[in-house]
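What follows is a short report on a single structure.
The values are calculated or read from the model by the stated rules, or taken from the named source; none is laboratory data. Just so we're clear, the structure is a prediction, and the values are computed from it rather than from any experiment. Methodologically, a virtual Cβ is constructed for each residue, glycine included, from the backbone with ideal geometry; neighbour enumeration extends over all protein chains shown. All accessible areas refer to the heavy atoms of the entire protein, side chains included, with ligands and DNA or RNA removed. Shrake-Rupley method; radii C 1.70, N 1.55, O 1.52, S 1.80 Å.
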Amino acid sequence: MLLAQFLDRAGTGVWAAASVLYFTFVLGLDAGRIGLLLGAAAVAGIAGSPLAGHLAGRFPVRSLLIGCHLLRLGTLGALLVVTRFDVLLPVVAVTYLGDRAAKTLEMLFATRVAGERRSTYQALSRSTANAGYALGAGLAAAGLAVGTREAYQVLILANAVSFLVAAALVRRTRGPRGPGRVAAGTGDPDAKAAAAEAEAEAVAAARPSGAPSPWRDRGYLRFVLLDIPMHLDDSILAVGLPLWLVDHTDAPHALVPAFLVINTVLVVVLQLRVSAAVEGPRQAAGAVFLYGLTMCACCILLALTAGAGAGAASVALLAAAVLATAAELMRSVSSWELAVSLAPARARASYLGVAGMAQSVQKSAGPLLLTGVMVAGPAGWLALGAAVAALSAVQRRSAVRRLDTLTALSAPPAPTRPAPGDGRGGQPKSPSPPASRPER
């Protein structure tokens, strides 16, 4: 499964680096149509997570994930022949919907198979994904250097092939209903317990009747809503840092690729260590507050770069990239752990599908929010940092309160004290009336 994710992300890295240029130089789309195309795709991606969660309660996760890979294989193949914008719009939208659905299904697979080791699996998954993105970006750079129509088509074809191979690899994995390859396979009692829990959750998810709905759970919806700004590190790294460097500082433009390099290297090297330091949902709730403080420090650094010299601005921007990556490391652990722990086990698939919307919504709204922040200048960064820190404190308090409630509901009832005079202490019972003698 990790190898399948690596190939998936490598293909996605190729597409992310080449798609806008392909739309511009090969298909001849203007900036307005490209913006509409990507905006519609982002909106379609928001629906991918809850749709995947809904279907995962009724069908095997592995089969659905294979379907997502094959769906994207078909849409990317269509891109090689589609030139009309009205046809291109739904094709790209379905591609993004399949992408978000696949990520949610991967999370469900790990939740059911890895059991209590899901944090370790998540760390391995993120390290693998970042390595795949780096490989994809490198392959895309080689193709973009050639710059011909055929070179762009080869890049799209390489992305499509990555989905085909990923589907074949997923088909070889064991499904979530079995013991799994991550949590079982030895005589370790913890592994067997995790496998039993995974199988129980899968069976429970297969019976949606009577299960609670995440759309009616105000506490969980509050968590998902507050989780949206807890993903802003992604937009800051991809949009905020490059645009702020170019428009508001004297730092050299050649520094922009360094942001991606710093992010990729630190995630690959440190993700496992950060995951090992955050064990259980309560520590994950604490990591949410640390996320807010780290993002606040990142925003303060960006505000200080305005008007600074090229050297000082360069150092501050690189430090801001490090802080944004540190925030990402904490968010990747806390967000997923809380999404799993705050959801009832018998409806976990549908709940995690709704939780996956937070990242999709942020990807759509985050760049627009940062555009407004940069218009406001340094004050905008300071306001954003303070807001994220405050919301992280609210998220932490809300998560801990819900964890306390779930713990209280799942705790066994306290044993009742023996009644007086029942032979186990206390006052003697009142004497029973003598039994009447039967008539002869």
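Among the residues that make up region 104-111, is at least one of them in contact (Cβ under 8 Å) with a residue 40 or more places away in the chain, open to solvent by less than 20 Å² (accessible area, probe 1.4 Å), more than 30 Å from G28 (Cα to Cα) and among the acidic types (D, E)?
Just the residues of region 104-111 that are in contact (Cβ under 8 Å) with a residue 40 or more places away in the chain, to begin with: 104-111.
Narrowing the set further to residues that are open to solvent by less than 20 Å² (accessible area, probe 1.4 Å) leaves 104-106, 108-111.
Imposing the further condition that a residue be more than 30 Å from G28 (Cα to Cα) reduces the set to 104-106, 108-111.
Remaining after also requiring among the acidic types (D, E): 106.
Looking for residues that are in contact (Cβ under 8 Å) with a residue 40 or more places away in the chain, open to solvent by less than 20 Å² (accessible area, probe 1.4 Å), more than 30 Å from G28 (Cα to Cα) and among the acidic types (D, E), one finds at least one in region 104-111, hence yes.
Would you check if S360 is touching a Ser or Thr at 6+ places or on another chain (Cβ under 8 Å), of a type in the set (S, T, Y) and in a helix (DSSP H, G or I)?
Working: touching a Ser or Thr at 6+ places or on another chain (Cβ under 8 Å): yes; of a type in the set (S, T, Y): yes; in a helix (DSSP H, G or I): yes.
The answer is yes for S360.
Contact map, region 285-307: residues that are under 11 Å from W244 (Cβ atoms) and of a type outside the set (D, E) paired with residues that are open to solvent by 10 Å² or more (accessible area, probe 1.4 Å) and assigned to a loop (DSSP other than H, G, I, E, B), Cβ distance under 6 Å, separation 6+ or inter-chain. Pairs shown: T305/T249. Anything in region 338-354 that is part of a helix (DSSP H, G or I) and either free of Cβ contacts under 8 Å to residues at least 24 places away in the same chain or open to solvent by less than 10 Å² (accessible area, probe 1.4 Å) (or both)? List them, or say none. The answer is L338, A339, V340, A347, A349, Y351, L352, G353, V354.
Residues in region 112-158 that are closer than 19 Å to L272 by Cβ and open to solvent by 60 Å² or more (accessible area, probe 1.4 Å): E116, R117, T120, L124, Y133.
Annotation: L323 fulfils all but one of (1) under 17 Å from V267 (Cα atoms); (2) surrounded by fewer than 24 Cβ atoms within 10 Å (Cβ to Cβ); (3) touching a residue at least 40 places away in the same chain (Cβ under 8 Å); the unmet one is (3). Here the helices (runs of 4 or more DSSP H) wholly within region 1-113 that include at least 1 residues being of a type outside the set (D, E) and modelled with pLDDT under 85 are 2-21, 31-56. Being open to solvent by less than 60 Å² (accessible area, probe 1.4 Å), in contact (Cβ under 8 Å) with a residue 40 or more places away in the chain and part of a helix (DSSP H, G or I) is the filter; apply it to region 367-379 and report the residue that is nearest to L301 (Cα to Cα). Filtering first and then ranking leaves P378. Among residues that are farther than 17 Å from V161 by Cβ, open to solvent by 50 Å² or more (accessible area, probe 1.4 Å), basic (K, R) and in contact with a Lys or Arg (Cβ under 8 Å, 6 or more places away or on another chain), R62 is included.
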